[in-house]
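Participant: One structure is given below, represented as C-alpha cells, and several questions about it will come after.
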Amino acid sequence: MAPRTLVVATDKELHDLGTEALARWALSRVDDGAELALVVADDWLDASLGECLDDLRDRRVPALLVRPRGELPWVGTLLAVEGGPCRHCLRARLRPNHAVEEHLGRRLGRDGLDGSSPAKVPLPATATSIADALDRALDLYLTDRNLLTRRLLRLDRSTGRLEIHPLEPVPGCPGCGEPRIRRFWDGERVEGLTPQTTVKDGDGGFRTILVGETLAVLETALSPLTGVIRSVERRAVAGGERVHVTSAAYATPGRYS
C-alpha cells in the first residue's frame, strides 16, 4: 500500500508538479500523519532546505529528495528518521563539488550558502520531464526502496538508466554520528600544544619551531615563485666523486609515528 505523502518544494511550480506525480499512485497530500515527505528542491545545499529536513527528522518523517532540473535529474536519496546518512552527511558528500563555485562566490561577494549562489543549469525542462523525474523517484520508493538507501541516484533521461553514487554516513556527523566522535564537530580540540625551545632534532629536521621560523631558515633554498626547492646541487665531500651526500629538510615520518 502506498504511504501518505507530504510534498515539500522550494517553489509553487515544483510543488504542483510533485502533487501531480503523486496522483499516479492515488496518494493525497497529508500534512498530519504523513509517512513520507517528497522533498523537491533545486539546491540540496540550501540552508532553508536543511532546516526543513531537520524538522522532518524531528517529526520522524522519512524524506525522499528529488532535484528534477538539470542535465541529469537527481531522482532520489532516502533520508531515514534514525541512523545515517542524514542531511549533514549529504552536505559533506556534495560540498566538495562546489569548491570552485564557493571560491568565486566569495570573490564576487555573492550572498547565499558559503558566499555562493546555487548553480543553475540553463537546460530546457518542461513540466512533463520534471513530472517524469518525480514519478520515477516515487516508483523507486515503492518498488525498490533499498536502492534509495545510502545512494544518490541520477537519471539519464535519454536512456532511462540510473547513475548510482554512494552516500555513506559520516562517522563524526553532528546529526547521526557517534557521540564519541561527534564532539570534535562541536568544537572540542586537543589543548596544551605549545611551541618548544628545541631548534633542531638529531637528524637535522625542523620539528619543534614555528612554521614561520622554518620558512625563514629555508628561505635561501625556496623559490619565491613556487615555494618549493628551487634547485639541487651536488656537494663536494672527502672521498671523491663516487661518494654522494644527500640530506633531507625534514626527518622521515617513521621516526615519529
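The values are calculated or read from the model by the stated rules, or taken from the named source; none is laboratory data. The model shown is predicted, which means the values in this text are computed figures rather than measured ones. When we count neighbours, we look across all protein chains shown, and the Cβ atoms used for this are built from the backbone with ideal geometry, even at glycine.
Participant: May I ask you to list pairs of residues, at least six apart or on different chains, whose Cβ atoms are under 7 Å apart, with the first in region 46-58 being closer than 10 Å to residue 81 by Cα and the second being at pLDDT below 90?
Facilitator: Taking only residues 6 or more apart or on different chains, the pairs are 56/37; 57/81.
Participant: Please find, among 72, 79, the residue that is touching a strand residue (DSSP E or B) at 6+ places or on another chain (Cβ under 8 Å), crowded, with 21+ Cβ neighbours inside 10 Å and of a type outside the set (Asp, Glu).
Facilitator: 79
Participant: Any idea which residue in region 82-99 is surrounded by the most Cβ atoms within 10 Å (Cβ to Cβ), counting only those that are at pLDDT below 90 and farther than 14 Å from residue 45 by Cβ?
Facilitator: 84
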